[in-house]
Amino acid sequence: MKKGWSADEKYKVTTNSGKKLLLRISNIKEKERKHKEFQHLSNMDPKIRASTPLAFGSCLKEELTYIIYTWIDGEDADIALNNYSKEKRYKMGYTAGQSLCKINSIPVLDEYEPWDKRYNKKIDNKLKMYESCGANKFL
């Protein structure tokens, strides 16, 4: 799976019993942050339709860290939303907004840097990557 801003490797896994899971693999340097993420997401309201973290650990002689989540079947919103009426898209957006309100109501652990600083660092990093890739020379 290549979507998203994360550097994580993402895989849809099917167990021998046919159960579908999401496997996210990160560099071991991310282990502490990923463990906090696992703990934080484990506290989420089960009524929210989102992947639930099931397992956290490291592998390949402590070179990688991973989180295994439940899998939720669905469609890529970029494509699927075009197939729905304006009213249906509004209802879906409203429902998603309600879920985001619930997610954002979960208290954040004190050791996390404020969201705006984390987000701005992420954007700054993406801009540096863009500027160094050479694609902007065509603009």
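The values are calculated or read from the model by the stated rules, or taken from the named source; none is laboratory data. The structure displayed is predicted, hence computed values, not measured ones. Positions of Cβ are backbone-derived with ideal geometry, glycine not excepted, and every protein chain shown enters the neighbour counts. Ligands, DNA and RNA are stripped out before the accessible areas are found, and what is left, the full protein with its side chains, is counted by its heavy atoms. Shrake-Rupley method; radii C 1.70, N 1.55, O 1.52, S 1.80 Å.
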inquiry  = Return the residues of segment 58-79 that are under 17 Å from the mean Cα position of the chain (by Cα), open to solvent by 50 Å² or more (accessible area, probe 1.4 Å) and either of a type outside the set (Val, Ile, Thr) or over 27 Å from ILE106 (Cβ atoms) (or both); say none if nothing qualifies.
reply    = TYR66, TRP71, ASP73, GLY74, GLU75, ASP76, ALA77, ASP78
message = From the list ALA55, ALA7, exactly one residue is without any contact (Cβ under 8 Å) to a residue 40 or more places away in the chain and open to solvent by 70 Å² or more (accessible area, probe 1.4 Å). Which is it?
response = ALA7
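Just to be sure I understand, how many residues within segment 101-122 are at pLDDT 80 or above, surrounded by 11 or more Cβ atoms within 10 Å (Cβ to Cβ) and either part of a loop (DSSP other than H, G, I, E, B) or not charged (D, E, K, R) (or both)?
Initially, segment 101-122 is screened for residues at pLDDT 80 or above, giving 101-102, 117, 120-122.
Filter again for surrounded by 11 or more Cβ atoms within 10 Å (Cβ to Cβ), leaving 102, 120-122.
Among the residues that remain, those that are also either part of a loop (DSSP other than H, G, I, E, B) or not charged (D, E, K, R) (or both) are: 120.
Looking only at that region, the number is 1.
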key: Condition check for ASN82: open to solvent by 60 Å² or more (accessible area, probe 1.4 Å) and either among the aromatic types (Phe, Trp, Tyr) or farther than 18 Å from GLU37 by Cβ (or both)   = yes
key: Enumeration of residues in segment 6-61 that are in a strand (DSSP E or B) and polar (S, T, N, Q)   = THR14, SER26, ASN27, SER58
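Please go through segment 37-47 and give me each residue that is surrounded by 14 or more Cβ atoms within 10 Å (Cβ to Cβ) and at pLDDT below 90, ordered by number. Write out each step before concluding.
We begin by selecting, within segment 37-47, every residue surrounded by 14 or more Cβ atoms within 10 Å (Cβ to Cβ); these are 37-38, 40-41, 44.
Passing the criteria: GLU37, HIS40, LEU41, MET44.
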ask   = Considering segment 1-29 alone, what residues qualify as being of a type in the set (D, E, K, R) and in contact with a strand residue (DSSP E or B) (Cβ under 6 Å, 6 or more places away or on another chain)?
value = ASP8, GLU9, LYS10, LYS20, ARG24
